[in-house]
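Novice: This structure is in structure tokens; I'll ask about it shortly.
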Amino acid sequence: MNPREFLQLLAAGGPGFCQIALTNACNARCRFCRFPTVPPGDRAFADPGRLVPGLARLQAGGVRYLSLTGGEPLLYGALLEVLAEARRLGMTTLLVTNGALLSPALLHQLKEAGLGRLLISLDAADPGVHDGHRGLPGLSRHLREMVPRAAGMGLRPTASVTLSRLTGDLRDLAACLRRLGFAAVTFSYPLTRLGSPYLGSAPDPLVQFPPGELYRRFQALLALKAGSPLPVLNTRWVLRELCRSLRGRPLRLPCLAGDRYFYLHWDLTLFPCHLLGERLGVLEDFPVTAPRGQACPGCVSECYLDASACQWAAVSLAAGWAAIRQGRFREGLGRLFSPAVFRSLATLWESRSWLRQ
């Protein structure tokens with residue numbers, strides 16, 4: 001990205017992010033989601049003839065970060081083609097996988113195609129518990145070989161852990177992940193229901209928590225960040241706001257879903273995020289105008305909240321500077337020096353590991 005492109009992107013509120021579900025097919029049997037319920041005959045894959053050229057529309061609309069997920073994205077036949085096109089367009093890519101299909105050869109191909117960071121789902125420190133829940137015998141043993149290889153290739157393997165009744169003691173889990181060779185860990189917060197057709201949730205007792213228990217788990221995660229043996233990428237601002245909401249107080253955290261962040265379904269329909277059911281159009285319509293006048297009821301999705309916490313400073317800078325140029329000085333200065341901007345800057349520094357190329 002040259003200096004002119006950087007300034008244009010900053011003036012637009014910073015880089016955008018798109019989560020792309022490449023397929024509803026999955027080789028695991030987790031209870032956290034509904035992907036295992038998809039019959040073989042109903043498996044769907046994003047059309048590469050539309051997705052690959054459509055990445056240019058995302059890039060032209062300001063998207064610079066792609067999170068590729070599924071189902072299991074390693075089942076997607078055009079994955080390397082998508083990664084290569086994203087790299088050509090100057091986009092940074094993350095890939096979320098259960099890791100069962102990884103091999104030394106595939107890791108090399110992913111790196112050569114331009115993958116930026118590899119996220120591998122983990123459920124528990126105990127190999128038997130993790131493998132049993134995933135329905136993939138021997139998976140933990142396989143990951144003990146693959147994770148160090150991925151680290152050696154510069155793919156910065158990061159554990160993606162759903163906060164559930166399987167995780168056990170968080171400090172023990174973090175220590176285990178460090179021994180496996182992970183560079184960091186990010187925790188997904190429990191989701192039991194979604195408004196969009198994404199299947200990444202299920203009303204299972206493993207992720208059903210009364211508010212008091214969920215509050216204690218968020219507090220434990222905050223405590224882990226203070227002294228973890230492995231970097232925890234979840235942000236303090238979001239965790240504190242979620243604790244506040246569980247005590248019946250409104251979120252003060254602005255979410256940028258549908259503005260700077262988007263979800264692209266495997267049928268290439270666009271949504272503001274994978275939680276809300278409001279359709280924005282299809283990939284070919286991007287960039288789209290985000291709907292206004294409808295307040296978000298709030299959620300516990302770190303995918304959008306953590307990213308929004310980091311992005312808010314850039315959005316406020318762009319809006320404040322635009323107001324000042326139009327002579328609305330009080331409004332502009334209010335946007336530039338609001339408390340949320342300083343919280344966002346602190347969060348951006350806290351999350352700098354995500355942003356490294």
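Every number in this text was worked out from the coordinates using simple rules, so none of it is lab data. None of the values given here were measured: they were computed from a predicted structure. Glycine also receives a Cβ, built like all others from the backbone with ideal geometry; neighbour counts cover every protein chain displayed.
Novice: Given a cut-off of under 8 Å on Cα pairs at least six residues apart, what relative contact order in percent is computed for region 15-290?
Specialist: 21 percent
Novice: Now for a different question. Once you mark the trypsin sites (Lys or Arg not before Pro) that are in a DSSP loop and have at most 11 other Cβ atoms within 10 Å, what is the longest gap between them in the chain?
Specialist: It works out to 1-192.
Novice: Would you give the gap between the C-alpha center of region 210-280 and the C-alpha center of region 302-341, rounded to a whole Å?
Specialist: 20 Å
Novice: Please figure out what share of the DSSP beta bridges in the chain is antiparallel and state it in percent, rounded to the nearest 5.
Specialist: In the chain, approximately 15 percent of DSSP beta bridges are antiparallel ones.
Novice: What's the extension gain from residue 324 to residue 109 if we count 0.36 nm per residue and subtract their Cα-Cα distance?
Specialist: 72.6 nm
Novice: Sticking with this one: Using the basic label-point model (7 angstrom from Cα toward the beta carbon), what is the residue 57 to residue 88 distance in nanometres?
Specialist: That separation, rounded to one decimal, is 1.8 nm.
Novice: Here is a further query. Within a 10 angstrom radius of the beta carbon, how do 153, 91 rank from fewest other beta carbons to most?
Specialist: Least crowded to most crowded, the residues run 153, 91.
Novice: How long is the gain from residue 169 to residue 345 if the chain were fully straight, where each residue apart is worth 0.36 nm and the alpha carbon distance is subtracted?
Specialist: Length gained, residue 169 through residue 345: 60.3 nm.
Novice: Which is farthest toward the positive dipole end of region 15-290 among 45, 164, 22, measuring Cα position about the Cα centre, with Cβ charges +1 (Lys, Arg) and -1 (Asp, Glu)?
Specialist: 164
Novice: Once you put a point 7 Å from the Cα of residue 145 and another 7 Å from the Cα of residue 50, both along the Cβ direction, what distance in nm separates them?
Specialist: Those two pseudo-labels are separated by 3.9 nm.
Novice: In whole angstrom, how far apart do the alpha carbon centroids of region 74-93 and region 158-194 sit?
Specialist: One Cα centre to the other: 26 Å.
Novice: While we're here: Where nothing but the Cβ of Lys and Arg (+1) and of Asp and Glu (-1) is charged, how large is the charge dipole of the chain around its Cα centre, in debye to the nearest 20?
Specialist: Once rounded to the nearest 20, the dipole reads 1080 debye.
Novice: Defining a contact as two alpha carbons under 8 Å apart and six or more residues distant in sequence, what relative contact order in percent does region 79-136 show?
Specialist: After rounding, I find 38 percent.
Novice: Relative to the present Cα-Cα distance, how much length would full extension add between residue 282 and residue 267 at 0.36 nm per residue of separation?
Specialist: Net length gain for the segment: 4.5 nm.
Novice: Pick from 270, 106, 230 the residue whose mean-square fluctuation is largest in a GNM of the chain, springs joining Cα atoms under 10 Å.
Specialist: Maximum among the listed residues: 106.
Novice: Size of the dipole of region 32-142 about the Cα centre, Lys and Arg at +1 and Asp and Glu at -1 on the beta carbon, nothing else charged, in debye to 20?
Specialist: Magnitude of the dipole: close to 340 debye.
Novice: Suppose R0 equals 41 Å; then what is the FRET efficiency for residue 352 and residue 81 from their Cβ-Cβ distance, rounded to the nearest 0.05?
Specialist: For R0 = 41 Å, the calculated efficiency reads 0.85.
Novice: Can you tell which of 190, 40, 287 shows the greatest fluctuation in a Gaussian network model of the chain with Cα springs below 10 Å?
Specialist: Maximum fluctuation in the GNM of the chain, among the listed residues, is at 40.
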